[in-house]
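Inspection log for the structure reproduced underneath, given as C-alpha cells.
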Amino acid sequence: MELFNENSKLAQVILKDHTLLPVINRLGLKLGFGDSTIQQLCKKEGIDVTFFVEIINVFHNENYFSEKKLLDFSVTTVIDYLLKTHRNYVDYVIPEQERLIDLFLSNCTTGCKENELVRKFNKKFTEEFIKHIQLEEIEIFPYVINLNEVIGNPSKKAAFMDQYKNFTIKGFEKEHNNMDEKMFDLKNIIIKYLQPNYDQNIGNSLLSNLFIFEKDLKNHSRIEDKILVPKVKQLEKIVKKDE
Amino acid sequence: MSKVIIICDSDIILKGLSVILSDCNADEVFLMHHKKELNDYPHLSGYILIILPLNIINDYEIQLKQILINAINIKYLHLIFEEKTSITSSDIYIGDNPASIVKKVNELLNSFWTKKVIEPINDLTKREIDVLLLVAKGLANKEIADKLSISIHTVISHRKNISEKTGIKSASGLTMYAVLKKLIDIDEISTSDLI
Ligand SMILES: [Fe+2]
Ligand SMILES: [Fe+2]
C-alpha cells in the first residue's frame, strides 16, 4: 500500500491517481502547482497539512483508515471538508450525471422504455440524496458545531443543553445510510443487464462517472461514520459528563 | 448492437437482399462476396447474424467464430436457391417475398435478446425469485416474511444471496432488475414510485 506524505510533490500524486482531483479541490487547492510539495502548498493556502495528507490517503487506499490520526482534527475542519464535498456533489457531480444520462438515452434505438428507467432510478437517487445532505447540513452539522463551541466556551452550555435536550449523535449513526449503494447498483445494471442499444462511448463516460461517484460517496460516508461520529461521541462525553 | 452480414458471390443477391433488409432491426448490414473478407472486420462486435448460401464448406462456423472474436453471439441463416419442401426457420429461399424475409431476420435478431434475458435468471432459485418479486413491489422484509410464511432471518439471507448473484443491493435497484428480466411488467413500474 502506497501512502503519500507532506513531502510528496502534489503533481506526482495526481499523476499517480487522478481520481484525487476533486478531492484536492475540496481541500482548497487548484492545479498549476509546479513541483511544490503538499507541505509547501498547504502552508501557502492555510490548509491543515496533516488533514490534507490523511484525506488523500483515505481516498487513494481503500483499506487505509487511520482513525487514530483522523480523530485528532477539529470537527470544524472535518465539517468544512464535508460541506465542500456536498457542494461539489450538488453543483457539479449530480448535474453532470444527469447530463450524461440525457445523452445516454438520446441515442437509444430500441427498448428505450427500459432504458428510460435509468433516468427514473437516478432521479429517485438524487431526491433521496438531497434529503440526506439536507438532514446533515440542517440538523447534524449545526448540532456538532454548537457542541464543539461549548467545549471552548462553557458559558454556552446551558443554552446548548436546553436546545438539544434529548439529541445525541447516536440517532444519526443508526439512520445514516450508504448512498453509494445505489450508484453501485446502477453501475451493475448498465454493465450486466441493460440492452446495449446506446452509443458505447457515451455509455462508457456515464459508467466512468458512476465508478468515480460511487467511490467518492463511499469515502464520504466513511469520513462521516468513522471520523465525525466517533469525534462527536468524544465531545458529547466531555460536555455531558456531569449531567 | 446487432449486425447482419450477407456473404454471397452473386451481386444480384447481395444487392437485392441489402435493399430488402434496409428496414430490418439490425443496426448495420454488411455485404461481402467471400467469407475471407471478414478478415477486414475483426473488430465487429455484439450480436451478429450471418446470411450465406448453404453450399459454403461445412466447417465455416468455426472459422467465422475465430475471425469474429469480439462477437457476443453469432447466428446463421442459409440462402436456398432452389425451391424445396424442407425450408426451415433457419433458411431463406430466394423466391420468398421480401416481407417474410425481413420477418425471419428480425425474429432471429430478437432471439439474441430473449436468450440473454433467460440465462442469468436460472441462477436465482425459485424461492429467491419469490422474494425478489416482493422486494421489487416495495414490500419490507417483515411483510415478505409474513407473506411467504418464513422467518425474517430467512428473508434477509435470501436477500443477501440475491444481491450477491445479481450485483444489485438496493430495493429500487432490484425493482429495475426485475423489470429488465421481464419478471414484472414495466408499465406497473413506470407510473409507480418504486424506482
Ligand atoms: Fe454527507
Ligand atoms: Fe452522509
Checking the table A:Lys9/A:Lys44; A:Lys9/A:Lys30; B:Lys75/B:Lys182 against a 18 Å threshold on Cα-Cα, which pairs fail?
B:Lys75/B:Lys182
For the full complex of protein chains and a 1.4 angstrom probe, list B:Thr175, B:Thr154, A:Thr76 by accessible area with the highest value first.
A:Thr76, B:Thr154, B:Thr175
Shielding score for A:231-238, defined as the mean number of other chain Cβ atoms within 10 Å
0
Where A:Leu31, B:Leu49, A:Leu71 fall by accessible area, highest first, once all protein chains stay in place (1.4 Å)
A:Leu31, A:Leu71, B:Leu49
Run the helix sum for the protein assembly as shown: -39,500 (n - 2.57) per DSSP H stretch of 4+ residues, divided by residue count, reported at 222 nm to the nearest 500 deg cm²/dmol.
-17500 deg cm²/dmol
With every protein chain present, what is the per residue accessible area of segment B:126-194 (1.4 Å probe, Å²)?
48 Å²
Quantify, in whole percent, the carbon and sulfur part of the accessible surface of chain A (1.4 Å probe; protein heavy atoms only).
51 percent
At 0.36 nm per residue, minus the direct Cα-Cα distance, what do A:Thr77 and A:Arg99 gain on full extension? Give it in nm, one decimal, please.
4.7 nm
Stretchable slack from B:Thr88 to B:Asn161, in nm (0.36 nm times residue separation minus alpha-carbon distance):
22.0 nm
Residues of segment A:115-156 with backbone nitrogen within less than 11 Å of a virtual label 7 Å along the Cα-to-Cβ line of A:Asn177, please, listed as ranges.
A:125, A:128-129, A:132
Peptides A:204-213, B:62-71: what's the order by average Cβ count within 10 Å, highest mean first?
A:204-213, B:62-71
What does the charge count near B:Gly95 come to, summing +1 for each Lys or Arg and -1 for each Asp or Glu among other residues with Cβ under 12 Å from its Cβ?
-3
Relative to the longest principal axis of the C-alpha atoms of chain A, give the angle of the C-alpha long axis of helix A:94-106, reported between 0 and 90° and rounded to the nearest 10°.
10 degrees
Once label points are set 7 Å from the Cα along Cα→Cβ at both A:His18 and B:Lys126, what is their separation, rounded to one decimal in nm?
5.3 nm
What does the average come to when, for each residue of peptide A:119-125, you count the partner chain Cβ atoms lying within 10 Å of its Cβ?
4
Using a Förster radius of 56 Å, what is the FRET efficiency between A:Asn7 and B:Lys65 based on their Cβ-Cβ separation? Nearest 0.05, please.
0.50
Low-density loop cleavage sites - trypsin sites (Lys or Arg not before Pro) in segment A:172-243, where at most 10 other Cβ are within 10 Å (DSSP):
A:Lys241
Structure shown: which of A:Lys156/A:Lys237; A:Lys226/B:Lys160; A:Lys182/B:Lys181; A:Lys69/A:Lys182; A:Lys174/A:Lys233; A:Lys124/A:Lys215 lie over 21 Å apart, alpha-carbon to alpha-carbon?
A:Lys226/B:Lys160; A:Lys69/A:Lys182
To the nearest 20 debye, what charge dipole does segment A:69-240 have about its Cα centre, counting +1 at the Cβ of each Lys and Arg and -1 at the Cβ of each Asp and Glu?
520 debye
Report the residues of segment A:1-36 in range of a label on A:Asn63: point 7 Å along Cα→C-beta, backbone N strictly under 19 Å from it.
A:1-4
Occluded residues from segment A:170-193, i.e. those whose accessible area drops by 10 Å² or more once the chain is not alone (1.4 Å probe)
A:Glu181, A:Lys182, A:Phe184, A:Asp185, A:Asn188, A:Ile189, A:Lys192, A:Tyr193
Taking the reciprocal of mean 1/r across every pair of different Cα atoms in chain A, the Kirkwood radius in Å is 20.0 Å
How far apart, in nm, are two points set 7 Å out from the Cα along the Cα-to-Cβ line at A:Glu139 and at B:Ser149?
4.0 nm
Taking every residue in B:179-185, how many Cβ atoms of other protein chains lie within 10 Å of its Cβ, on average?
2
Nearest-0.05 FRET efficiency for B:Glu37 and B:Glu107 at R0 = 25 Å, using Cβ-Cβ distance, is 0.40
Low-density loop positions, trypsin sites (Lys or Arg not before Pro), segment B:95-195 - DSSP coil, at most 15 other Cβ in 10 Å:
B:Lys182
May I ask you to list, by number, the DSSP H helices of chain B whose Cα span along the axis is at least 20 Å and whose average Kyte-Doolittle hydropathy reaches -1.0 or more?
B:98-121, B:152-166
Hey, if you put +1 on the Cβ of every Lys and Arg and -1 on every Asp and Glu Cβ in segment A:141-243, which of A:Thr168, A:Ile151, A:Val229 ends up farthest toward the positive end of that dipole?
A:Ile151
Of the GluC sites (Glu not before Pro) in segment B:23-74, which ones lie in a loop per DSSP and count no more than 12 other C-beta atoms within 10 Å?
none
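The values are calculated or read from the model by the stated rules, or taken from the named source; none is laboratory data. This is a predicted model, so every value here is computed, not measured. Don't worry about glycine lacking a Cβ; one is built from the backbone with ideal geometry, like all the others, and counts go over all protein chains shown. We work out accessible area using only protein heavy atoms, side chains counted, and drop any ligands, DNA or RNA first. Shrake-Rupley method; radii C 1.70, N 1.55, O 1.52, S 1.80 Å.
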